[in-house]
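Encoded as structure tokens, the structure appears first; notes follow it.
The values are calculated or read from the model by the stated rules, or taken from the named source; none is laboratory data. The model shown is predicted, which means the values in this text are computed figures rather than measured ones. Here the Cβ positions follow ideal geometry from the backbone for every residue, glycine too, while neighbour counts run over all protein chains shown.
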Amino acid sequence: MATILNKTNQFPENMKCAHELIIKAKNGEKGNSKGDTYALPAFNVTTYQGIEAAIEAFETLGSSGLIAFSNSACKHFGKGDALEGLEYIHEHVKFRASKSSVPIATHLDHGDNIGEHGRKVIRKAIETLTSVMADNSTDHANKCATSLDVNIEATKEVVDLAHPKGISVEGELGVLAGEEDEDTKSEISTYTDPEELKRFLHETGVLMLAPTIGTMHGPNKGKPGHKVKLNLELAHDCLEIANSINPDIIFVAHGASTLYQNVVDHALTSMKGLGINEKEIETWKNFVGTDWEQIKGLIQNGFCKINTDTENRQTYLSALLGAVNSNASKVDIRYYEKITYKALVDSYIQKLIMAGNYGVWHEPKIDVKNFKFDLTL
Ligand SMILES: [Zn+2]
């Protein structure tokens, strides 16, 4: 028997289990009204600035907030120690959330229950965050896909630990291509098998699932000029199966970063101004983002958590290049911090609007229809 999610658990003030917020999105709930399905972008953050910028964006729009931390982000917060990093994250977000106008969920991205390190991190995350991903489809240490049996057993073990504490669990079935960070990269990729999906959902009891349907991690989602075509037919087959098992199951799209042309243009202009070599400029020109129209279609059908990292990294770097290009002798950390912070907030706001995640907890504080994502102060 799969362990069910305990929905009576009390989290610190204004903190919620990720599933509780995402199921509202799947049901189209905003305030007391019911409308179209929307999605929670899970913003992968790696710095305190990123946490602050994401929460400011959530508060600006009255959004449901979801912040994700990868294993390497946890390590960065903990100066090499992911377990300590999770404690810093826990204390920081708890304090910030207590002053927030909207609820916040925190999620471990690409945790696993396969290797010794992964097992320690995911257990710590169950104590410190409100949601975890148990990505047991890959054995990262040995760089190979795991068998379905191993994936089910390892994921069920996490569900058994997490669900009684009210912590939601995201599983992964199939192997996703591309590179997210040094701990999450894969040269292999396989699509999710619908027959395996049935068994996986029944036996693990996960309420969040990342199927592999062709999305990719990293800044190069396909070759220049050619966007990756998602396997939408497979996505719909999988959704149908999941909904027939339990309509509370949410699908997750990994690698849902969009490439913003204004971000690329701003970076290119700044790099030329700074005399940066052609090779770096070429790299920027060759970035390929996910096709938003395809992601939008997935959201309408129940992919209500969309993982977003690369676009915010690009935004940060583009804003920093612009700040240095326009004022390289400004000896003031705050100047550069302000510019990158505002750019991040804008980047987050842009994605929240695209995903329809605004006006959920209160009216947006800005005119959503006329918002302009701008990289300058
Ligand atoms: Zn991912």
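Exactly one residue out of Thr269, Thr258, Thr315 is β-branched (Val, Ile, Thr) and within 30 Å of Leu207 (Cα to Cα): that is Thr258.
Taking Ala125 as the residue in question, decide whether it is crowded, with 24+ Cβ neighbours inside 10 Å, part of a strand (DSSP E or B) and modelled with pLDDT of 95 or more. So that I can check it myself, show each step before the final result.
Numbers: crowded, with 24+ Cβ neighbours inside 10 Å: yes; part of a strand (DSSP E or B): no; modelled with pLDDT of 95 or more: yes.
The answer is no for Ala125.
Of the residues that sit in segment 52-103 and are aromatic (Phe, Trp, Tyr) and surrounded by 21 or more Cβ atoms within 10 Å (Cβ to Cβ), which one is nearest to the chain's Cα centre (by Cα)? Going through the qualifying residues, I end up with Phe69. Before we move on, is Gly255 surrounded by 14 or more Cβ atoms within 10 Å (Cβ to Cβ) and free of Cβ contacts under 8 Å to residues at least 40 places away in the same chain? No, not satisfied.
Could you list, in sequence order, all residues of segment 1-34 that are more than 27 Å from Phe200 (Cβ to Cβ), among the hydrophobic types (A, V, I, L, M, F, W, C) and in contact with a strand residue (DSSP E or B) (Cβ under 7 Å, 6 or more places away or on another chain)? Passing the criteria: only Met15.
Listed here are the residues, each with its yes/no results for (1) closer than 21 Å to Lys75 by Cβ; (2) within 16 Å of the ligand (Cβ to nearest atom); (3) at pLDDT 85 or above; (4) within 19 Å of the chain's Cα centre (by Cα).
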| site | (1), (2), (3), (4) |
| --- | --- |
| Asn151 | no, yes, yes, no |
| Ala177 | no, yes, no, yes |
| Tyr191 | no, yes, yes, no |
| Ala210 | no, yes, yes, yes |
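Restricted to segment 130-157, and to residues there that are in a helix (DSSP H, G or I) and touching a helix residue (DSSP H, G or I) at 6+ places or on another chain (Cβ under 6 Å), the residue that is surrounded by the most Cβ atoms within 10 Å (Cβ to Cβ) is Thr155.
Among residues of segment 297-310 that are within 16 Å of the ligand (Cβ to nearest atom), those with a Cβ under 6 angstrom from a residue that is part of a loop (DSSP other than H, G, I, E, B) and at pLDDT 95 or above, sequence gap 6+ or separate chain, pair up as Cys304/Ala39; Ile306/Ala39. Lys296 - would you say it is touching a Pro at 6+ places or on another chain (Cβ under 9 Å) and not hydrophobic (A, V, I, L, M, F, W, C)? Criteria not met by Lys296. Scanning segment 157-173 turns up no residue that is more than 30 Å from Pro364 (Cα to Cα) and hydroxyl-bearing (Ser, Thr, Tyr).
Scanning segment 236-251 for residues that are under 19 Å from the mean Cα position of the chain (by Cα) and among the aliphatic types (A, V, I, L, M) yields Ile249, Ile250. Pairs are defined by a Cβ separation below 7 Å, a sequence spacing of at least 6 or placement on different chains, a first member in segment 189-211 that is over 15 Å from Asp160 (Cα atoms), and a second member that is acidic (Asp, Glu) and within 15 Å of the ligand (Cβ to nearest atom); the pairs so defined are Leu209/Glu170; Ala210/Glu170; Ala210/Glu172. Filtering segment 245-263 to residues that are near the ligand (Cβ under 10 Å from one of its atoms) and in contact with a Phe, Trp or Tyr (Cβ under 9 Å, 6 or more places away or on another chain) leaves Val252, Ala253, Ala256.
For Lys279, the conditions (1) away from the ligand (no atom under 16 Å from the Cβ); (2) within 22 Å of the chain's Cα centre (by Cα); (3) not aliphatic (A, V, I, L, M) are fulfilled apart from (2). Filter segment 351-377 down to the residues that are among the β-branched types (Val, Ile, Thr) and not in a loop (DSSP other than H, G, I, E, B), then identify the one that is farthest from Phe58 (Cα to Cα). Here the residue is Val368. Report whether or not Leu161 is modelled with pLDDT of 95 or more and over 24 Å from Phe43 (Cα atoms). Considered against the rule, which asks whether it is modelled with pLDDT of 95 or more and over 24 Å from Phe43 (Cα atoms), Leu161 comes out as yes.
One line per residue, one yes/no per condition, for (1) of a type outside the set (Ser, Thr, Tyr); (2) in contact with a strand residue (DSSP E or B) (Cβ under 6 Å, 6 or more places away or on another chain); (3) within 16 Å of the ligand (Cβ to nearest atom):
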residue: Gly118; (1), (2), (3): yes, no, yes
residue: Ala134; (1), (2), (3): yes, yes, yes
residue: Asn142; (1), (2), (3): yes, no, no
residue: Gly166; (1), (2), (3): yes, no, no
residue: Gly171; (1), (2), (3): yes, yes, yes
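Within segment 51-71, the only residue that satisfies the criterion of being among the small types (Gly, Ala, Ser) and under 15 Å from Lys124 (Cβ atoms) is Ser70.
Is one or more of the residues making up segment 72-84 of a type in the set (Lys, Arg) and more than 20 Å from Lys305 (Cβ to Cβ)?
yes
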